[in-house]
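Engineer: What follows is a structure written as structure tokens; I'll ask about it next.
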Amino acid sequence: MINSDDLRFFCVLASQPSLAGTARMLNVTPSSVTQRLQGIEDKLKLKLLNRQGRTTTLTDEGQLLAERARLILADMDELQESLHDRKNELVGRLRILAPLGFGNEYVAELAAQFQAQHRNVSVELVLSDSPNRQSLDAWDIVIHIGALRDSSMLQTVLAKNRRFLCGSPDYVARHGQPSCIDDLRHHTCISLQENAEDVTMWRLQAPGSSDFTSIRIRPRLTSNDGRVVKQWALKGYGIMMRSEWDVAREIQSGALLRLLPDHALPGADIVALLGSDRRQRSARTMRFLELLQGALGLRPWEQVDGPRE
């Protein structure tokens with residue numbers, strides 16, 4: 001018979017695109033993941049996973065097991081919480097998924113503070129700019145920036161977040177500032193590859209206009225790491241589009257200049273995503289959501305003495 005540890009292991013495995021990803025998540029070797037999976041399949045006498053090169057997909061039976069396991073584990077956690085309610089304690093494991101840069105600067109410390117306040121809660125924080133969109137419901141809370149396509153999860157806005165076009169004073173001194181949207185075609189642009197977005201299509205709203213104008217840029221530099229993109233811009237290699245949370249302090253200090261400041265760009269609000277089924281939202285999840293709302297609602301990136309990278 002499989003046990004709760006088997007179910008928790010399989011939920012992690014189901015949330016990852018490969019056995020190597022599961023091994024990294026659990027901080028074990030890939031061979032131990034394979035052995036653990038084989039043990040569960042032997043117990044059930046069922047094949048739960050298809051292997052295609054380095055990637056994996058769940059069989060129909062594996063998909064059923066993952067779905068039911070999440071429900072069973074949620075019920076177990078809820079029961080444990082109910083038993084501890086009399087002592088006003090939070091218990092269980094809190095699973096958080098957040099973007100790499102934002103999570104590193106603003107979520108990691110909050111997660112540690114939360115665990116320190118609730119000693120019977122264990123926290124699992126995973127930072128990724130390319131999460132498996134098919135397994136978002138495997139997490140208690142997902143922090144996301146920008147539009148999210150085709151999600152049935154409940155969205156709660158944690159903070160409003162604008163996007164800016166930025167360049168360094170050195171770049172502007174050498175190349176001048178764009179005076180209109182079309183001028184961007186003649187500038188060196190830097191793009192961030194993330195969230196499966198069309199990163200070479202920039203949209204801006206001119207003053208007095210109710211519509212956005214789209215322009216196809218031809219980036220000279222592209223990276224999937226926001227820190228790299230930001231450093232390139234700071235060193236004068238080109239113009240980038242970045243979120244306010246990431247560049248507010250550099251703009252305040254003058255290290256970066258806002259370009260076309262009278263033009264609006266589509267916003268990218270910072271949101272928390274929770275499962276659509278209210279019964280599966282644990283007390284620890286809702287309490288952590290309250291912590292996020294209180295901390296991020298203050299927009300700490302606007303505070304000069306706030307956290308730094």
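Engineer: Kindly establish whether ASP42 is over 18 Å from LEU94 (Cβ atoms) and among the acidic types (Asp, Glu).
Structural biologist: Details: over 18 Å from LEU94 (Cβ atoms): yes; among the acidic types (Asp, Glu): yes.
Here the answer is yes, as ASP42 does meet what is asked.
Engineer: Tell me, please, whether a residue that is over 28 Å from PRO300 (Cα atoms) and surrounded by 19 or more Cβ atoms within 10 Å (Cβ to Cβ) can be found in region 138-145.
Structural biologist: The answer is yes, given that some residue of region 138-145 is over 28 Å from PRO300 (Cα atoms) and surrounded by 19 or more Cβ atoms within 10 Å (Cβ to Cβ).
Engineer: Then there is this: Restricting to region 158-196, give me the number of residues that are loosely packed, with under 15 Cβ neighbours inside 10 Å and not charged (D, E, K, R).
Structural biologist: Number of matching residues: 7.
Engineer: For region 239-253, which residues satisfy the criterion of being part of a helix (DSSP H, G or I) and touching a Leu at 6+ places or on another chain (Cβ under 6 Å)?
Structural biologist: Hits for region 239-253 are VAL247, GLU250.
Residues checked against (1) assigned to a helix (DSSP H, G or I); (2) small (Gly, Ala, Ser); (3) within 16 Å of MET240 (Cα to Cα):
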residue	(1), (2), (3)
ILE143	no, no, no
ALA147	no, yes, no
LEU158	no, no, no
PHE164	no, no, yes
VAL172	yes, no, yes
PRO178	no, no, yes
ASP182	yes, no, yes
ARG185	yes, no, yes
ILE190	no, no, yes
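Engineer: Is region 214-234 home to any residue that is in a helix (DSSP H, G or I) and without any contact (Cβ under 8 Å) to a residue 12 or more places away in the chain?
Structural biologist: First, pick out the residues of region 214-234 that are in a helix (DSSP H, G or I): 226-234.
Keeping just the survivors that are without any contact (Cβ under 8 Å) to a residue 12 or more places away in the chain gives 228, 231.
Scanning region 214-234 turns up at least one residue that is in a helix (DSSP H, G or I) and without any contact (Cβ under 8 Å) to a residue 12 or more places away in the chain.
Engineer: Right, something else. If you scan region 245-295, which residues turn out to be crowded, with 19+ Cβ neighbours inside 10 Å, hydrophobic (A, V, I, L, M, F, W, C), touching a Lys or Arg at 6+ places or on another chain (Cβ under 9 Å) and farther than 27 Å from ASP198 by Cα?
Structural biologist: Selection gives nothing.
Quick note: the coordinates plus some simple rules give every number you see, no bench work behind them. Predicted model only: the values in this text are computed from it and were never measured. Every residue, glycine as well, gets a Cβ built from its backbone with ideal geometry; the counts of neighbours run over all protein chains shown.
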